[in-house]
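Enquirer: Sharing a structure, written as structure tokens. Questions coming.
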Amino acid sequence: MKKNIKFYWKLFLSTFTISAFTIGGGYVIVPLMRKKFVEELKWIDEEEMLNVVAISQSAPGPIAVNTSIMVGYRLAGIWGAFVTTIGTVLPPLVIITVIAKFYISFKENRIISSLLLGMRAGVAAVIIDVIIKMAKNIIKTKDNISIAIMVIALVAAVILDINAALIIILSGVFGGFYYNLVKKAGESQ
């Protein structure tokens, strides 16, 4: 893939557009990035996108920005990460600045309050959609260890109310240990 000004412009516009028209935070932007970069542009494959999301979620900071950085870096190195970060951060920066200016008016407006209430329901549906798609991709691998990690992580988060960061770190450590030491040792015999 040749990296010229058109490529960087398309990369910027992709993240800028997704960020500008996405309401609900990082967990909503991730499926849209997946759709854009995996399905439409075919710049990243499904498995790699899952890995990018996992790394992005476990790193400090907003998942939308982390995912943008990872995608940009994967596609075009440091400059790609820079371009996607600007594309992702610029729309909310402008929007939040405008909202801050008119915060009191927005806060007391019944129409805006109603719109936000309706949008929360839509955001929840999109997040559930992402969860289902990611779970299906893990189940498709038919890798019992990955499926077990997913189920244990779900129980830890939902039932035991364990911090998501701790769950992600422990899952990563176990996965790294298992796949790099135990599974490789078994394959070499």
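The values are calculated or read from the model by the stated rules, or taken from the named source; none is laboratory data. Only a predicted model underlies this, so the values are computations on that prediction, with no experimental measurement involved. Positions of Cβ are generated from backbone atoms using ideal geometry, with glycine treated the same way; all protein chains shown enter the neighbour counts. Side chains are part of the model used for accessible areas, which takes the heavy atoms of the whole protein and leaves out ligands, DNA and RNA. Shrake-Rupley method; radii C 1.70, N 1.55, O 1.52, S 1.80 Å.
Enquirer: Just checking: which of the helices (runs of 4 or more DSSP H) contained wholly in segment 80-177 hold 2 or more residues that are over 27 Å from residue 46 (Cβ atoms) and within 20 Å of the chain's Cα centre (by Cα)?
Expert: It comes to 110-140.
Enquirer: Anything in segment 14-31 that is under 9 Å from the mean Cα position of the chain (by Cα) and either modelled with pLDDT of 90 or more or open to solvent by 50 Å² or more (accessible area, probe 1.4 Å) (or both)? List them, or say none.
Expert: If the condition is that a residue be under 9 Å from the mean Cα position of the chain (by Cα) and either modelled with pLDDT of 90 or more or open to solvent by 50 Å² or more (accessible area, probe 1.4 Å) (or both), then 27 is the only one that fits.
Enquirer: Another question about this same structure. Among the numbered conditions (1) of a type outside the set (Ser, Thr, Tyr); (2) at positive phi; (3) touching a residue at least 60 places away in the same chain (Cβ under 8 Å), tell me where residue 169 comes up short.
Expert: Just one mismatch for residue 169, condition (2).
Enquirer: Residue 38 fails exactly one of the following numbered conditions: (1) in contact with an Asp or Glu (Cβ under 8 Å, 6 or more places away or on another chain); (2) in contact (Cβ under 8 Å) with a residue 40 or more places away in the chain. What is the number of that condition?
Expert: Looking at each condition in turn, residue 38 falls short on (2).
Enquirer: Restrict the check to segment 62-75 and report whether at least one residue is in contact with a Pro (Cβ under 7 Å, 6 or more places away or on another chain) and open to solvent by 10 Å² or more (accessible area, probe 1.4 Å).
Expert: no
Enquirer: Which one of the conditions (1) assigned to a helix (DSSP H, G or I); (2) open to solvent by less than 50 Å² (accessible area, probe 1.4 Å); (3) at pLDDT below 85 does residue 34 fail to meet, given that it meets all the rest?
Expert: Failing condition for residue 34: (3).
Enquirer: Could you check segment 1-19 and list, in sequence order, the residues that are touching a helix residue (DSSP H, G or I) at 6+ places or on another chain (Cβ under 6 Å) and over 16 Å from residue 126 (Cβ atoms)?
Expert: Answer for segment 1-19, where residues must be touching a helix residue (DSSP H, G or I) at 6+ places or on another chain (Cβ under 6 Å) and over 16 Å from residue 126 (Cβ atoms): 3, 8, 11, 12, 14, 15, 16.
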